[in-house]
């Protein structure tokens with residue numbers, strides 16, 4: 001029984017990150033789109049405001065020019081409503097398109113393309129009052145409260161400073177025309193929005209760094225979780241070791257079954273044995289059919305003696321063959337001469353021809 005909760009000290013594995021992303025869990029700041037939308041919307045309205053103003057004025061003049069001939073009826077109101085919505089939509093479409101594009105772009109830059117229904121999937125745990133209280137008084141809720149207070153302070157402070165700076169100019173507005181007063185108010189509003197947006201963008205960047213840090217902390221794993229994931233991906237180490245052991249046994253058994261077909265066994269008298277086989281009509285060069293050290297070498301030599309296979313002691317050749325040539329491979333060209341001399345000796349003993 002575990003008496004304590006194991007600390008999450010290990011960084012998240014790629015699998016853990018992929019699973020979190022599939023659930024819609026990514027590091028992002030909701031403040032970045034807000035700040036950039038304020039900046040972009042202010043810029044679009046400032047640059048596009050004159051055209052928008054003229055468009056709305058022209059629409060109003062055209063609409064009220066026919067006020068005397070209006071016949072109020074449900075059909076007329078329906079047509080008038082459609083006409084007004086169409087005109088407003090066309091006039092405001094650059095603003096809407098720009099804001100939609102900026103919103104999608106800022107989220108894509110933060111998280112890339114992600115499509116997950118998990119965040120909106122209904123769960124009983126999300127309406128659990130105890131869990132809700134835990135979220136309400138959590139560190140995340142406290143940070144969000146601080147951000148809200150900071151944003152309100154920034155907006156109030158910047159607005160206050162700009163208004164205080166413009167107070168001496170307000171009496172002069174009484175001598176200006178309506179269009180000049182509107183232009184002045186637009187300029188002041190644009191100034192406030194740009195400064196507020198820039199400060200909020202700085203706050204949003206800091207918030208993104210915090211969200212990134214918090215995301216990494218939430219994804220961290222315990223040592224046991226890492227071990228379990230490795231076991232799921234790679235298999236139980238004990239089972240894998242057992243499989244490798246069985247594979248070695250099978251390979252060794254096959255190797256021993258090939259020893260009786262060898263032409264010669266070259267040995268280091270004490271601990272190495274390498275069995276060679278050569279069929280000049282089928283093989284380009286002699287092939288190592290078995291090799292071993294220690295007890296395995298003794299077993300190879302026993303089988304060789306039982307099947308009247310010649311055993312030749314050659315310490316350096318046995319060591320080179322054992323270290324450089326695997327079972328089932330042919331010998332390298334550099335050893336052709338040395339092996340050919342041994343095979344010639346063996347064939348002379350048996351009355352064969354090389």
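Just a few scattered comments:
- Some residue of the range 236-246 being part of a helix (DSSP H, G or I), in contact (Cβ under 8 Å) with a residue 24 or more places away in the chain and either more than 22 Å from residue 109 (Cα to Cα) or within 19 Å of the chain's Cα centre (by Cα) (or both): no
- Checklist (1) at positive phi; (2) under 29 Å from the mean Cα position of the chain (by Cα); (3) modelled with pLDDT of 85 or more applied to residue 213, failing item: (1)
- From the options 166, 228, 144, residue that is within 21 Å of residue 27 (Cα to Cα), surrounded by 12 or more Cβ atoms within 10 Å (Cβ to Cβ) and either free of Cβ contacts under 8 Å to residues at least 60 places away in the same chain or not assigned by TED's automatic domain parsing to the domain that holds residue 40 (or both): 144
- Among the conditions (1) closer than 12 Å to residue 259 by Cα; (2) at pLDDT 90 or above; (3) surrounded by 11 or more Cβ atoms within 10 Å (Cβ to Cβ), residue 306 misses just one, which is (3).
- Of everything listed in (1) under 27 Å from residue 249 (Cα atoms); (2) under 51 Å from the mean Cα position of the chain (by Cα); (3) not in a helix (DSSP H, G or I), the single unmet condition for residue 285 is (1).
- Count of the range 44-71 residues which are in a helix (DSSP H, G or I) and either farther than 17 Å from residue 98 by Cβ or modelled with pLDDT under 70 (or both): 12
- Verdict on residue 261 being within 25 Å of residue 250 (Cα to Cα) and touching a helix residue (DSSP H, G or I) at 6+ places or on another chain (Cβ under 9 Å): no
The values are calculated or read from the model by the stated rules, or taken from the named source; none is laboratory data. Remember, it's a predicted structure, so these values are computed and weren't measured experimentally. Here Cβ is always computed from backbone atoms with ideal geometry, including for glycine, and neighbour counts include all displayed protein chains.
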